[in-house]
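K.L.:
Input: one structure, supplied below.
The values are calculated or read from the model by the stated rules, or taken from the named source; none is laboratory data. The model shown is predicted, which means the values in this text are computed figures rather than measured ones. All Cβ positions, glycine included, derive from the backbone under ideal geometry; neighbour counts span all protein chains shown.
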Amino acid sequence: MLNLGRDYFINLLLFVLPAVIIVLTLHEFGHAFAAYKMGDETAKREGRLTLNPLRHIDPFGMIALILFRFGWGKPIPVDFFALRNLRKGMVVVSLAGPLMNFLTAIILSPLYKLMFKSTVMQAGFSYFIVLIEYIILYSIYLGIFNLIPVPPLDGSKVLFAVSKRPQRFLLDESMNWYGMIFLIILIAIPFFNFGNLLSFIVNPILRILL
């Protein structure tokens, strides 16, 4: 059960919320940048090729990431049929979000370890040390979660890209609805123990990075 005392809300406002906003923004920007480079300007035209968090944050996805360590941002609009190479484009654009999260964690990891081991840094920059720790943590959780090959998560589009007819899956919106129902069942029913399973995958990575 969550401890909703004063310390919880202070930690939420000072560390968790800023970290989640940064992680989600970088994830969605990764998708938008990759789509633009692959030939689709939809995200750019709609003002999503930006690091402005207000353009990328989905309130429900942000709350889910805060509470359960898996969530989502506002989906980047992508016209996959405008990409120069459909199959390659689907893979590159879909993996760009998780890859951005993984790169963020990898780049910040040495800085975190350096600051954490320094008594001087601990004394003067303790806030930033904890914030970086949360950014690394949520980056890995978001990246791994989105690699699950279930629509509408990023991993599903990679799977569709190597299928015989990727166009079929892109045009069938029902796939996203069925996928969402499956994910809700998977996450909500304790029998599947989804949270612990995700942590089982993520924790060894975090032990290396932190």
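K.L.:
Can you go through F33, F9, F29 and tell me which one is crowded, with 23+ Cβ neighbours inside 10 Å, in a helix (DSSP H, G or I) and either among the aromatic types (F, W, Y) or at pLDDT below 95 (or both)?
P.N.:
The match here is F29.
K.L.:
If you don't mind, there's one more thing I want to ask. Find all pairs meeting these conditions: Cβ atoms under 8 angstrom apart; at least six residues apart or on different chains; first residue within segment 36-52 and under 18 Å from K88 (Cβ atoms); second residue in a loop (DSSP other than H, G, I, E, B) and charged (D, E, K, R).
P.N.:
What qualifies is M38/R84; G39/R84; D40/D79; T42/D79.
K.L.:
I've got another one for you. Here are some conditions: (1) within 20 Å of Y134 (Cα to Cα); (2) in contact with a Leu (Cβ under 8 Å, 6 or more places away or on another chain); (3) not β-branched (V, I, T). G89 meets all but one. Which one does it not meet?
P.N.:
Looking at each condition in turn, G89 falls short on (1).
Yes/no matrix, rows are residues, columns are (1) farther than 30 Å from V162 by Cα; (2) buried (at least 22 other Cβ atoms within 10 Å of the Cβ):
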position: L13; (1), (2): yes, no
position: V20; (1), (2): yes, yes
position: L49; (1), (2): no, no
position: G71; (1), (2): no, yes
position: D79; (1), (2): no, no
position: N85; (1), (2): no, no
position: M90; (1), (2): no, yes
position: L99; (1), (2): no, no
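K.L.:
Looking only at segment 172-200, count how many residues are under 20 Å from G143 (Cβ atoms) and touching a helix residue (DSSP H, G or I) at 6+ places or on another chain (Cβ under 6 Å).
P.N.:
Total meeting the criteria: 3.
K.L.:
Tell me which residues, restricted to segment 36-47, are surrounded by fewer than 18 Cβ atoms within 10 Å (Cβ to Cβ) and farther than 17 Å from L99 by Cα.
P.N.:
Hits for segment 36-47 are G39, E41, T42, K44, R45, E46, G47.
K.L.:
Still on this structure, I have one more. Can you name every residue in segment 60-114 that is touching a Phe, Trp or Tyr at 6+ places or on another chain (Cβ under 7 Å) and over 13 Å from I144 (Cα atoms)?
P.N.:
Across segment 60-114, the qualifying residues are G61, A64, L86, G89, M90.
K.L.:
Does any residue in segment 117-135 that is outside any helix (DSSP H, G or I) come within less than 8 Å, Cβ to Cβ, of a residue that is among the aliphatic types (A, V, I, L, M) six or more places away or on a different chain, and which pairs are these?
P.N.:
F125/M115
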